[in-house]
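Trainee: I am attaching a structure below and will ask some questions about it afterwards.
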Amino acid sequence: MNEWLSSLVDIVGAPYVITHPAALKTYAQDGYTLASGMPRAVVMPGNAEEARAVVKHLYRHRIPVVARGAGTSLSGGAIPSDGAVVLHFSRMRTIRHIDWTNQIVQVDPGVINAEVTRALEPYGYFYAPDPSSQQACTIGGNFAENSGGPHCLKYGVTLNHIVMADVILANGEAVRLGSLAGEPEGLDWLGVLVGSEGTLGIATQLWLKMTESPTQSRTLAALFDEVADASEAVSDVIASGIVPAALEMMDRLAISAVERGSYPVGYPDDLAAVLLLELDGEAAVVDEEVKLVIDLMQRHHVRQVREAQSLEERALWWANRKTAFGAMGLISPDYYVQDGVIPRHLLPDALAFIDRTARRYGIRIANVFHAGDGNLHPLLLFDAANPADVERVQAAGLDILAYCVKHGGSITGEHGIGLEKLDAVRWQFTEAELAAQAMIKRLWDPDGLLNPGKVLPTPGRCVDFRP
Amino acid sequence: MVSPLDQCVHCGLCLSSCPTYLETGLEMESPRGRLVLLNLWAQAPEQRDAAISQWLDDCLDCRACEAVCPAHVPTGHLVEAWRGESEDAPRPGRAQRLLMRLIENPRGLKWLQRLGRWSQTRVGRSLVRWWLTGREDSPLRLQQGLPPLQSRRLSREQITSNHRGPGDLWLFVGCVMDAIYAGTNRHAADLLRLAGLTVVVDPRQRCCGALHWHNGQRAQAQQWAQENIEAFESSGCRMVVVDAAGCLTALREYPVLLAGTPYEARAHAFSQAVFDALEVLSQHPLPPLPDQGLTVTVHDACHHVHAQGIRHQPRFLLERAGYRLVEMANASQCCGSAGIYNLAHPDMSRALLAAKVRAIPPQAEVVSAANPGCLLHIQQGLAASGTPVTAQHPLDLLWHAYRSQGYLPGGGARE
Ligand SMILES: Cc1cc2nc3c(=O)[nH]c(=O)nc-3n(C[C@H](O)[C@H](O)[C@H](O)COP(=O)(O)OP(=O)(O)OC[C@H]3O[C@@H](n4cnc5c(N)ncnc54)[C@H](O)[C@@H]3O)c2cc1C
Ligand code: SF4
Ligand code: SF4
């Protein structure tokens, strides 16, 4: 056995160093299936100290390393390029401490997002960032992707909810960033690292802010016969000054998939779009807002507005919405999800553009997205077995991103750049902006060992694009 | 048509529901990883080896992943199919083969019953204890999970059928249930009759075939399935009623077992007629009972909760019968018994059992579990941990409650 490998075994123990080729193959992808890369090995540290020792050791050999949580990233962030070693955090999944005084939860990076809320719920609190993948994705992954979710419209994204983190640097040194007080002293390095996709540092411990559960919460489903009506209704809700806890939209193709999935709610199959709205806060205010919202919906020819009648029904509606990506598997062999952001008043125009793009390329596109913050998730359906199909969806995806950038939006709302959007990065940022980012990267990771080939466009990427 | 393997969009949403992934943290031991391995197995035969078959074979077939997968990928089924049909899949060990032999017919079942009873005598107990010292992995360990007071007769010999006119229910007595949990089958019949239904126990019925099916003896399982279908059809009964989650799922999946055979259509009709006793009872207005002064926590058998969506019924019935309920964390996580998985995978099985026992809330006095495998396995874990908590079939709990209130013939003492 190579020295670099045998030392890893010494650090974490033989069962936690994986080199079997078939096993490595199961680590070659995450939720992004248009690319893959074989890791050199997979290492599963049992605690922060082991993780640090592993990184330090790999640094000595200048072997690149990629952290992995649940591998649900949709942009290839967890795909090992350049034969990197995967640092899998699946063994580190303990909620360490709940500090009720400061309202802080201290967790290992491998803790599953939904488990944090599950631990807090009985006491009237929750962890606000709720990516649709929350039943599986980890806090470490959320940290790296600055993940959002339906309820981030009102409560803010991951960045607003991590106050402190222990981070391993590229050379294996450990630093603590941020503070329990929440206010950065000096430069906000924690803010830089949140969303850096594992390219600047690896989190081994995180301190999260908990949020008090609202006293009243009402969930509405507004059923529309025209996509344009639904998107105009969204613009109006936002313009009215109401901040819903969540405001989500699904179009016909998306509805047809989720209704066949594990959580059908019984949406009529001739619907053009459904808006899922949640309003929460003080009971009196919420009731007022619900009236107003229903009125706005009616002005846009809503067919029907339903309200969830019980907690179970509310949970079902959300489960239905949150499994939409996966449900694409029921109507297509593969899907490619885009993550562009547009100014919200452009929603109707953007949806029309997506529709035109689908026609132009002769592909099907389903839309499921965080309408409230203009974060589009067009799901481009294709069959990976057909190379022409793959090219078509990639080209169509880029067209949609170009549209977003051209109209003052962004190429990613929450899924990150990863491998997927390396090309599009150039449209979003100027040369100067890119150079500034590259400088930060060099500062934190001079040898380019942390999650190489991601986020920043570099020449000579080492991943095999399928097919 | 999208093939089941290709249907996986690699989203990873199933990971957190898979007991083997949670236990090991290995992607190869997750549903998504197993699909990658199955693909590799099919497409690159030269790469097959013992390690891959081990990761695949570690699957509990608990179906937790199937219940949450948005794309309906039947991962548990796919691994089962691989296990049943691939020549390289690990074959059952000695203890499993013995058990499979014993359940093949009533004669064997009687032997199983005798062994069970014998192992509970004083001499038997001390012999077993002696044998087990230092043998952590011995299948004999299950003996410690046996219910006390074993019957001397199979339940099929104890339950008299309602003879006048065609019966409503064709009671499926199973194999292990028939021998080791004969009392539970009797209780099922009593309760169903209390609910106003007539019950027939058909001596022609065979084992459901699940163990054989999933251990590479499909032809044998098909044979029994055909016999069961024929017997039920000619009985004139309306429904097949089962009280073991594993058999329930196997009987409902006869259309898969018999796909492509002349029996396929009949298997469909049969599977539509299969119900769990808990489902039937919760559809019938049994009287609500006063507080029984006993706190129960429900463990959901995988083949109930994940495979059939049965979750609410045992809770509803127990509550109606006056039991106090308290929920355990991860009630629907596999206990590690998984048919005869515990015989072949002692380590994984023990780890899952430990988690299950740890999750039992302190107030609980009884763990309810509606499957013989779970009962044996959990009871053994409880015995080993030294708690006075016991594992019981919900039908037994219901029966005792209704009898204590005078709804069922008194006496009824167990043999
Ligand atoms: C069905 C589905 C729905 C989704 N919905 C949403 C959504 O609504 N909103 C949203 O924002 N995202 C969503 N995502 C994307 C994805 O779930 C998130 O990006 C999530 O945060 C990834 O977490 P993970 O644990 O799976 O991380 P992984 O995929 O394992 O890793 C993601 C990135 O994080 C890095 N990383 C992991 N752990 C660490 C660590 N400890 N330290 C440093 N870097 C680390 C990895 O190197 C990689 O670059 C969805 C994905 C799926 C499949
Ligand atoms: S099996 Fe289902 S839930 Fe699991 S990764 Fe595949 S599509 Fe997602
Ligand atoms: S059936 Fe159970 S053990 Fe097997 S892959 Fe699915 S969840 Fe895991």
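Trainee: In the set B:47, B:54, which member is in contact (Cβ under 8 Å) with a residue 24 or more places away in the chain, within 11 Å of chain A (Cβ to nearest Cβ), surrounded by fewer than 24 Cβ atoms within 10 Å (Cβ to Cβ) and of a type in the set (S, T, N, Q)?
Mentor: On the way: B:47 fails: in contact (Cβ under 8 Å) with a residue 24 or more places away in the chain.
From the options B:47, B:54, the qualifying one is B:54.
Trainee: Select from the stretch B:9-27 the residues that are closer than 23 Å to residue A:334 by Cα, more than 11 Å from ligand 3 (Cβ to nearest atom) and either open to solvent by 10 Å² or more (accessible area, probe 1.4 Å) or assigned to a loop (DSSP other than H, G, I, E, B) (or both) and list them in ascending order.
Mentor: Within the stretch B:9-27, B:9, B:10, B:11, B:12, B:13 meet the criteria.
Trainee: Conditions first: (1) within 25 Å of the chain's Cα centre (by Cα); (2) open to solvent by less than 40 Å² (accessible area, probe 1.4 Å); (3) within 30 Å of residue B:74 (Cβ to Cβ). Residue A:264 passes all but one, so which condition is the exception?
Mentor: Against the list (1) within 25 Å of the chain's Cα centre (by Cα); (2) open to solvent by less than 40 Å² (accessible area, probe 1.4 Å); (3) within 30 Å of residue B:74 (Cβ to Cβ), residue A:264 comes up short only on (2).
Trainee: Looking only at the stretch A:49-69, count how many residues are among the charged types (D, E, K, R) and within 14 Å of chain B (Cβ to nearest Cβ). Before the answer, list the steps.
Mentor: From the stretch A:49-69, those among the charged types (D, E, K, R) are A:49-50, A:52, A:56, A:60, A:62, A:68; that's our starting set.
Next, from what is left, pick out any that are within 14 Å of chain B (Cβ to nearest Cβ): A:50, A:68.
Total satisfying the criteria: 2.
Trainee: Oh, and also: Regarding the stretch A:19-27, can at least one residue be identified that is away from chain B (no Cβ under 12 Å), over 18 Å from residue A:92 (Cβ atoms) and either buried (at least 22 other Cβ atoms within 10 Å of the Cβ) or of a type in the set (Phe, Trp, Tyr) (or both)?
Mentor: Taking the stretch A:19-27 as the starting set, the residues that turn out to be away from chain B (no Cβ under 12 Å) are none.
Checking the stretch A:19-27: not a single residue is away from chain B (no Cβ under 12 Å), over 18 Å from residue A:92 (Cβ atoms) and either buried (at least 22 other Cβ atoms within 10 Å of the Cβ) or of a type in the set (Phe, Trp, Tyr) (or both).
Trainee: Residue A:48 - would you say it is open to solvent by 20 Å² or more (accessible area, probe 1.4 Å) and under 22 Å from residue A:197 (Cα atoms)? If you could, list the steps in order and put the result at the bottom.
Mentor: Working: open to solvent by 20 Å² or more (accessible area, probe 1.4 Å): yes; under 22 Å from residue A:197 (Cα atoms): yes.
Against the criterion (open to solvent by 20 Å² or more (accessible area, probe 1.4 Å) and under 22 Å from residue A:197 (Cα atoms)), residue A:48 qualifies.
Trainee: How many residues are among the acidic types (Asp, Glu), farther than 30 Å from residue A:123 by Cβ and more than 14 Å from chain B (Cβ to nearest Cβ) if we restrict to the stretch A:210-265? Please lay out each step first, then the result.
Mentor: First, pick out the residues of the stretch A:210-265 that are among the acidic types (Asp, Glu): A:212, A:225-226, A:229, A:232, A:236, A:248, A:251, A:259.
Then drop every residue that is not farther than 30 Å from residue A:123 by Cβ, which leaves A:225-226, A:229, A:232, A:236, A:251, A:259.
Still in the list and also more than 14 Å from chain B (Cβ to nearest Cβ): A:225-226, A:229, A:232, A:236, A:251.
Number satisfying all stated conditions: 6.
Trainee: Shifting gears a bit: Please count how many residues of the stretch A:184-211 are open to solvent by 50 Å² or more (accessible area, probe 1.4 Å) and at pLDDT below 95.
Mentor: Residues in the stretch A:184-211 being open to solvent by 50 Å² or more (accessible area, probe 1.4 Å) and at pLDDT below 95: 7 in total.
Trainee: Which of the residues spanning the stretch B:65-82 are more than 11 Å from ligand 3 (Cβ to nearest atom), part of a helix (DSSP H, G or I) and either touching a residue at least 24 places away in the same chain (Cβ under 8 Å) or closer than 11 Å to residue B:17 by Cβ (or both)? So that I can check it myself, show each step before the final result.
Mentor: Residues of the stretch B:65-82 more than 11 Å from ligand 3 (Cβ to nearest atom): B:70-72, B:81-82.
Among the residues that remain, those that are also part of a helix (DSSP H, G or I) are: B:81-82.
Across the stretch B:65-82, the qualifying residue is only B:82.
Trainee: For the stretch B:382-402, how many residues meet the condition of being within 18 Å of the chain's Cα centre (by Cα) and open to solvent by less than 10 Å² (accessible area, probe 1.4 Å)?
Mentor: The initial filter retains those residues of the stretch B:382-402 that are within 18 Å of the chain's Cα centre (by Cα), namely B:390-397.
Checking which are open to solvent by less than 10 Å² (accessible area, probe 1.4 Å) leaves us with B:393-395, B:397.
Residues in the stretch B:382-402 being within 18 Å of the chain's Cα centre (by Cα) and open to solvent by less than 10 Å² (accessible area, probe 1.4 Å): 4 in total.
Quick grid of which residues meet (1) away from ligand 1 (no atom under 16 Å from the Cβ); (2) among the hydrophobic types (A, V, I, L, M, F, W, C):
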site: A:307; (1), (2): yes, no
site: A:313; (1), (2): yes, no
site: A:319; (1), (2): no, yes
site: A:332; (1), (2): no, no
site: A:342; (1), (2): yes, yes
site: A:348; (1), (2): yes, no
site: A:351; (1), (2): yes, yes
site: A:359; (1), (2): yes, no
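Trainee: If a residue counts only when it is modelled with pLDDT of 90 or more and surrounded by fewer than 19 Cβ atoms within 10 Å (Cβ to Cβ), which helices (runs of 4 or more DSSP H) contained entirely in the stretch B:209-262 have at least 1 such residues? Outline the logic, then answer.
Mentor: Numbers: elements: B:210-213, B:218-235, B:245-252, B:254-257.
Ranges flagged: B:218-235, B:254-257.
Trainee: Being away from ligand 2 (no atom under 16 Å from the Cβ) and modelled with pLDDT of 90 or more is the requirement here; does residue B:47 meet it? Write out each step before concluding.
Mentor: Values: away from ligand 2 (no atom under 16 Å from the Cβ): yes; modelled with pLDDT of 90 or more: yes.
When the stated conditions are applied, residue B:47 passes them.
Trainee: For the stretch B:32-64, which positions are in contact with a Lys or Arg (Cβ under 8 Å, 6 or more places away or on another chain) and away from ligand 3 (no atom under 14 Å from the Cβ)?
Mentor: Matches in the stretch B:32-64: B:40, B:41.
Trainee: From (1) out of contact with any strand residue (DSSP E or B) (no Cβ under 7 Å at 6 or more places or on another chain); (2) more than 14 Å from every other protein chain (Cβ to nearest Cβ); (3) touching a residue at least 40 places away in the same chain (Cβ under 8 Å); (4) assigned to a helix (DSSP H, G or I), pick out the condition that doesn't hold for residue A:288.
Mentor: Result: residue A:288 passes all but (3).
Trainee: Are any of the residues in the stretch A:2-14 in contact with a His (Cβ under 6 Å, 6 or more places away or on another chain), away from chain B (no Cβ under 13 Å) and open to solvent by 10 Å² or more (accessible area, probe 1.4 Å)?
Mentor: Here is the first cut: in the stretch A:2-14, the ones in contact with a His (Cβ under 6 Å, 6 or more places away or on another chain) are A:4, A:7.
From the residues that got through so far, the ones that are away from chain B (no Cβ under 13 Å) too are A:4, A:7.
From what's left, open to solvent by 10 Å² or more (accessible area, probe 1.4 Å): A:4, A:7.
Yes, the stretch A:2-14 contains at least one residue that is in contact with a His (Cβ under 6 Å, 6 or more places away or on another chain), away from chain B (no Cβ under 13 Å) and open to solvent by 10 Å² or more (accessible area, probe 1.4 Å).
Trainee: Is it the case that some residue within the stretch A:242-249 is of a type outside the set (Phe, Trp, Tyr) and either outside the structural domain of residue A:311 (by TED's automatic domain parsing) or free of Cβ contacts under 8 Å to residues at least 24 places away in the same chain (or both)? Give the steps one after another, and end with the answer.
Mentor: Restricting attention to the stretch A:242-249, the residues satisfying the condition of being of a type outside the set (Phe, Trp, Tyr) are A:242-249.
Next cut, either outside the structural domain of residue A:311 (by TED's automatic domain parsing) or free of Cβ contacts under 8 Å to residues at least 24 places away in the same chain (or both) only: none.
Scanning the stretch A:242-249, I find no residue that is of a type outside the set (Phe, Trp, Tyr) and either outside the structural domain of residue A:311 (by TED's automatic domain parsing) or free of Cβ contacts under 8 Å to residues at least 24 places away in the same chain (or both), so the answer is no.
Trainee: For the stretch A:70-170, give me every one of the strands (runs of 3 or more DSSP E) that falls completely inside it and has 2 or more residues that are away from ligand 2 (no atom under 16 Å from the Cβ) and within 14 Å of another protein chain (Cβ to nearest Cβ). So that I can check it myself, show each step before the final result.
Mentor: On the way: elements: A:85-88, A:95-99, A:104-107, A:162-168.
Counting at least 2 such residues, we get A:85-88.
Trainee: Residue by residue through the stretch B:1-39, note down the ones that are under 16 Å from residue B:81 (Cβ atoms) and either hydrophobic (A, V, I, L, M, F, W, C) or at the interface with chain A (Cβ under 7 Å from one of its Cβ atoms) (or both).
Mentor: Restricting attention to the stretch B:1-39, the residues satisfying the condition of being under 16 Å from residue B:81 (Cβ atoms) are B:3-8, B:31, B:34-35, B:37-39.
Answer for the stretch B:1-39, where residues must be under 16 Å from residue B:81 (Cβ atoms) and either hydrophobic (A, V, I, L, M, F, W, C) or at the interface with chain A (Cβ under 7 Å from one of its Cβ atoms) (or both): B:5, B:6, B:7, B:8, B:35, B:37, B:38.
Trainee: Taking the residues in the stretch A:273-284 that are aliphatic (A, V, I, L, M) and at pLDDT below 95 as candidates, determine which candidate is least open to solvent (accessible area, probe 1.4 Å).
Mentor: Step one: of the stretch A:273-284, the residues aliphatic (A, V, I, L, M) are A:273-277, A:279, A:283-284.
After this cut, where a residue has to be at pLDDT below 95 as well, the list is A:283-284.
On the way: A:283: 46, A:284: 75 Å².
Across the stretch A:273-284, the extreme among qualifying residues is A:283.
Trainee: Return only the number of the condition from (1) polar (S, T, N, Q); (2) surrounded by fewer than 24 Cβ atoms within 10 Å (Cβ to Cβ); (3) in contact (Cβ under 8 Å) with a residue 12 or more places away in the chain; (4) facing chain A (nearest Cβ under 9 Å) that residue B:86 does not satisfy.
Mentor: With (1) polar (S, T, N, Q); (2) surrounded by fewer than 24 Cβ atoms within 10 Å (Cβ to Cβ); (3) in contact (Cβ under 8 Å) with a residue 12 or more places away in the chain; (4) facing chain A (nearest Cβ under 9 Å) applied to residue B:86, the lone miss is (4).
Trainee: Further, regarding this structure: I'm checking my understanding of the structure. Among residues of the stretch B:1-53 that are hydrophobic (A, V, I, L, M, F, W, C) and touching a Leu at 6+ places or on another chain (Cβ under 7 Å), which one is farthest from ligand 1 (Cβ to nearest atom)?
Mentor: Of all residues in the stretch B:1-53, those hydrophobic (A, V, I, L, M, F, W, C) come to B:1-2, B:5, B:8-9, B:11, B:13-15, B:18, B:22, B:26, B:28, B:35-38, B:40-42, B:44, B:50-52.
Adding the requirement that they be touching a Leu at 6+ places or on another chain (Cβ under 7 Å) leaves B:5, B:8, B:28, B:35, B:37-38, B:52.
Numbers: B:5: 18, B:8: 12, B:28: 16, B:35: 15, B:37: 19, B:38: 20, B:52: 23 Å.
My answer is B:52.
The values are calculated or read from the model by the stated rules, or taken from the named source; none is laboratory data. Nothing here was measured: the structure is a model prediction, and the numbers come from that model. When we count neighbours, we look across all protein chains shown, and the Cβ atoms used for this are built from the backbone with ideal geometry, even at glycine. Quick note on the areas: whole protein, heavy atoms, side chains included, nothing else; ligands and nucleic acids left out. Shrake-Rupley method; radii C 1.70, N 1.55, O 1.52, S 1.80 Å.
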